[in-house]
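Read-outs throughout are calculated quantities, based only on the coordinates presented, and are distinct from any laboratory measurement. This one's a predicted model, so the numbers in the text were calculated from it and none came from an experiment. Reconstructed Cβ throughout: ideal geometry from the backbone, glycine too, with neighbour counts over all protein chains shown.
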Amino acid sequence: MRTSEKISLGALSWLGVSAGVMHFVKPQFFIDMVPAALPAPALLVYVSGLFEILGGVGLLVPRTRRFSAFGLIALFVAVFPANINMAVNHITPAGTTAMPVWVLWARLPLQGLLIWWAYSVGKRAKARAV
């Protein structure tokens with residue numbers, strides 16, 4: 001594995017684990033983003049945080065890397081409605097200062113970047129396994 005691939009893998013793993021941990025440290029921040037139509041917002045936040053941690057750790061294990069990468073993709077897709085909810089309803093999560101509306105909307109394409117990043121990690125893992 002090239003150095004740039006190791007850095008990419010490590011950074012995505014760190015991002016997944018640290019973001020997942022924050023679901024437990026500051027749950028209200030994430031609960032505030034959950035669309036009102038969804039049941040049990042706190043449970044959803046804890047479950048998504050757990051899977052984000054598992055995905056981040058799983059990236060570091062060659063045997064589970066591909067599965068973890070595609071699990072993170074599924075998670076990023078699943079939480080996208082919360083990001084849309086935040087932008088549409090101008091939500092300021094607990095413990096933060098209000099963001100300009102354009103920032104809330106500019107965050108949305110970043111989810112696509114995370115999906116691409118996890119896909120590229122998962123694709124490389126598959127290519128190496130063959």
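Descriptive notes on the structure:
- Here the spin labels are modelled as points 7 Å beyond Cα on the Cα-Cβ line, and at VAL77 and TYR119 they lie 1.0 nm apart.
- Cα-based Rg of the chain normalised by 2.2 N^0.38 Å, two decimals: 1.10
- Residue range of the chain that is longest and free of trypsin sites (Lys or Arg not before Pro) which are both DSSP loop and sparsely packed (at most 15 other C-beta within 10 Å): 3-62
- Dipole magnitude for the range 3-129: computed about the Cα centre from +1 point charges on Lys and Arg Cβ and -1 point charges on Asp and Glu Cβ, it is near 620 debye.
- Within the range 39-81: backbone nitrogen closer than 12 Å to the MET1 label point (7 Å, Cα to C-beta): 57-66, 69
- 3J(HN,Hα) from dihedral phi, the range 100-114, Karplus parametrisation 6.51/-1.76/1.60, rounded to Hz, x for glycine, proline: x, 4, 4, 5, 4, 6, 5, 5, 4, x, 4, 4, x, 5, 5
- Cα lying deepest toward the dipole's positive end in the chain, options VAL21, TRP117, PRO93, charges on Cβ: TRP117
- Relative contact order for the chain, counting Cα pairs under 8 Å that sit 6 or more residues apart, in percent: 28 percent
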